[in-house]
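Novice: The following block contains the structure, expressed as structure tokens.
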Amino acid sequence: MKLLEKISKYSIIDEVTEDFFRNETQTKTFQKGELLSQQNTYNRNVYYMEKGLARTFYFEKGKDITTNFYSEEKSFANIDTVFNNVPSYYNIETLEESIVTFCDYKKLEELCSISLPSANFSRFLLGNLMTQMTKRINSLQHMTAKEKYIQLLEENPNIILRAPLGMIATYLGISQETLSRIRSEI
């Protein structure tokens with residue numbers, strides 16, 4: 001299981017953790033365009049992208065706005081529902097055929113209460129997610145459109161080949177025309 005391999009790079013895997021990932025998680029293939037989670041629902045699953053690409057997005061004034069992309073080895077969830085128990089503001093959609101491993105967050109919390117290695121890995125993962133969110137907020141508030149595009153290419157270079165330009169433009173907070181102009185300059 002790829003997820004266990006990844007976790008073993010950062011944490012000791014005890015028997016309880018290994019049993020949990022073998023028995024409490026599911027791995028499923030989703031087709032392009034499938035919704036893993038819908039806006040205004042209580043989806044408390046935590047996902048890990050084995051292979052493929054997904055995005056989170058919401059609707060505003062008739063347009064869908066992409067807030068993030070998740071490619072191989074990325075973890076994601078409806079954070080608003082998982083931590084605040086409110087209906088999610090976001091949709092999660094696959095952009096290509098994707099193999100995703102997932103489990104219910106409540107069961108993951110239970111695992112962390114009985115397994116110190118799992119609790120330590122969970123803190124490590126949450127720290128990484130907080131760092132990513134801080135970096136994203138910083139880019140939206142302080143970077144130019146060109147700087148945001150360059151940062152996206154550095155962090156996820158193949159996204160341009162895998163995601164439609166309109167989605168990338170909304171993720172960057174710019175128009176598709178501005179994105180085309182920036183791409184021609186680089």
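The values are calculated or read from the model by the stated rules, or taken from the named source; none is laboratory data. Everything numeric in this text was worked out from a predicted model, so none of it was measured. When we count neighbours, we look across all protein chains shown, and the Cβ atoms used for this are built from the backbone with ideal geometry, even at glycine.
Novice: Go over the candidates ARG181, ARG136, ARG123 one by one and state the one that is in contact (Cβ under 8 Å) with a residue 60 or more places away in the chain, out of contact with any Ser or Thr (no Cβ under 6 Å at 6 or more places or on another chain) and either at positive phi or surrounded by fewer than 16 Cβ atoms within 10 Å (Cβ to Cβ) (or both).
Specialist: Being in contact (Cβ under 8 Å) with a residue 60 or more places away in the chain, out of contact with any Ser or Thr (no Cβ under 6 Å at 6 or more places or on another chain) and either at positive phi or surrounded by fewer than 16 Cβ atoms within 10 Å (Cβ to Cβ) (or both) holds for just one of ARG181, ARG136, ARG123, which is ARG136.
Novice: Another question, if that's okay. Residues of the range 69-85 being buried (at least 21 other Cβ atoms within 10 Å of the Cβ), in a strand (DSSP E or B) and touching a residue at least 40 places away in the same chain (Cβ under 8 Å), which ones?
Specialist: PHE69
Residue-wise test of (1) of a type in the set (Ser, Thr, Tyr); (2) within 21 Å of ASN158 (Cα to Cα).
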| position | (1), (2) |
| --- | --- |
| GLU18 | no, no |
| PHE21 | no, no |
| LYS63 | no, no |
| TYR70 | yes, yes |
| GLU73 | no, yes |
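Novice: Quick one: how many residues across the range 134-150 are not aliphatic (A, V, I, L, M) and not in a helix (DSSP H, G or I)?
Specialist: Count: 1.
Novice: Can you tell me which of (1) more than 17 Å from TYR47 (Cα to Cα); (2) aromatic (Phe, Trp, Tyr); (3) at pLDDT below 90 is the one TYR149 doesn't meet?
Specialist: For TYR149, the failing item is (3).
Novice: Can you tell me which of (1) exposed (fewer than 14 other Cβ atoms within 10 Å of the Cβ); (2) assigned to a helix (DSSP H, G or I) is the one GLU18 doesn't meet?
Specialist: (1)
Novice: Moving to a separate point now. Within 18 Å of the chain's Cα centre (by Cα), among the small types (Gly, Ala, Ser), crowded, with 16+ Cβ neighbours inside 10 Å and over 30 Å from ILE13 (Cα atoms): is that true of ALA163 in this structure?
Specialist: Against the criterion (within 18 Å of the chain's Cα centre (by Cα), among the small types (Gly, Ala, Ser), crowded, with 16+ Cβ neighbours inside 10 Å and over 30 Å from ILE13 (Cα atoms)), ALA163 qualifies.
Novice: So, one more: In the range 21-35, how many are farther than 30 Å from LEU116 by Cβ, out of contact with any Ser or Thr (no Cβ under 6 Å at 6 or more places or on another chain) and surrounded by 13 or more Cβ atoms within 10 Å (Cβ to Cβ)?
Specialist: Of the residues in that region, 2 qualify.
Novice: I've got another one for you. Being free of Cβ contacts under 8 Å to residues at least 60 places away in the same chain, closer than 25 Å to GLN38 by Cα and part of a helix (DSSP H, G or I) narrows it down to one residue among LEU129, LEU161, LEU108, LEU153; which is it?
Specialist: Exactly one residue qualifies, and that residue is LEU129.
Novice: Restricted to the range 91-120, and to residues that are in contact with a helix residue (DSSP H, G or I) (Cβ under 8 Å, 6 or more places away or on another chain) and within 28 Å of GLU177 (Cβ to Cβ), which residue is surrounded by the most Cβ atoms within 10 Å (Cβ to Cβ)?
Specialist: For the range 91-120, the residue satisfying everything is LEU95.
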